[in-house]
Amino acid sequence: MDKKQQMLDQAIVNETVMNIDDNLLMQNENKGIEDERLHRKQRLTAALRLFGKFGFDEGAAGHITVRDPENIDCFWVNPMGVSFKQVKLSELLLVNHEGEVLEGSGLLNGAAFTIHSHIHRARPDVIAAAHSHSIFGKSWAALGRPLDPISQDACAFFNDHSLYKDFSGVVLNMSEGEALAQALGQNKACILQNHGLITVGESIESAAWWYFTMERSCQAQLLAEAAGAPKIIPDDIAKITYDTVGTELAGWFSFQPLYNTIIADQPDIFD
């Protein structure tokens, strides 16, 4: 191959998915309210079961919320005291921003309400938010540092996550919920020092995926630093990579294999 042809080949940039159908990207559009509500509740339940499968449970701690498509000042959340591994769609609670349970008979986690109500109120673009006390997330959070772009996957959070340093116990004070939402800012994720991780998205699928991959990125950096000094990806390359792996579409799409696996493995999920 001559040098000219090599240069032409290098100038060709392929799409991430080379044969994508535009209909795939539009499949959630033009849904009725009830269909969209069911869609969100099904994905929320699947995300909760996946949290259980991946070992993100820690007693009664941890919660994922998704905004209701009709009553946008309300969100669906898992009931307190029900294992991630066992929660069912019929057990989800509908809660408004005043802390009233409008549907469901389970217990409402006070920290879940304090954190998520402020995030949903402050960020109209956020459809879902995920938080737990997963082992690698809370281990990395204890260091009080943001993640570095040391891998392709970690680049999803390049200049798109923040650090909340003011741990003051279980988040039950409304002023701390507000401060946490402010610390999140317009980012997709926040590391809560001495606490854990929280991720958000414009869909339940992306919010859940960002949590899974952020947890693993924390694990990867802990392992890498235990072995030596990780090589940091240069900012310009990290940004290019972010533009592929850090988009809302990338998060939504990456959740699909996990969703398909969990509903096949656990057919009682939508009872």
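Each value in this text was obtained by applying a stated rule to the coordinates, not by laboratory testing. Just so it is clear, the structure is predicted and the values come from calculations on it, not from any experiment. Positions of Cβ are generated from backbone atoms using ideal geometry, with glycine treated the same way; all protein chains shown enter the neighbour counts.
Descriptive notes on the structure:
- Karplus 3J(HN,Hα) series, Hz, for the stretch 68-74 with 6.51 cos²θ - 1.76 cosθ + 1.60 (x for Gly, Pro): 6, x, 9, 9, 6, 9, 10
- With a cut-off of 15 Å between beta carbons, the residues surrounding Phe157 carry a summed charge of -3, where Lys and Arg count +1 and Asp and Glu -1.
- Shape category assigned to the stretch 119-182 from the gyration tensor of Cα positions, a/c cut at 1.5: oblate
- Prolate/oblate/rounded label for the stretch 153-271 (Cα gyration tensor, a/c 1.5): oblate
- Likely footprinting exposure, Val95, Val17, Val66, Val171, fewest C-beta neighbours within 10 Å first: Val17, Val171, Val95, Val66
- By the count of neighbouring beta-carbon atoms within 10 Å, fewest first, Thr16, Thr247, Thr65, Thr114 end up ordered Thr16, Thr247, Thr114, Thr65.
- Put in line by how crowded their Cβ is, counting other Cβ atoms within 10 Å and starting with the fewest, Leu163, Leu223, Leu192 read Leu223, Leu163, Leu192.
- Positive minus negative residues near Thr241 (Lys, Arg vs Asp, Glu; Cβ under 11 Å): -3
- Those trypsin sites (Lys or Arg not before Pro) in the stretch 29-64 that DSSP places in a loop and that have at most 16 other beta carbons within 10 Å: Lys31
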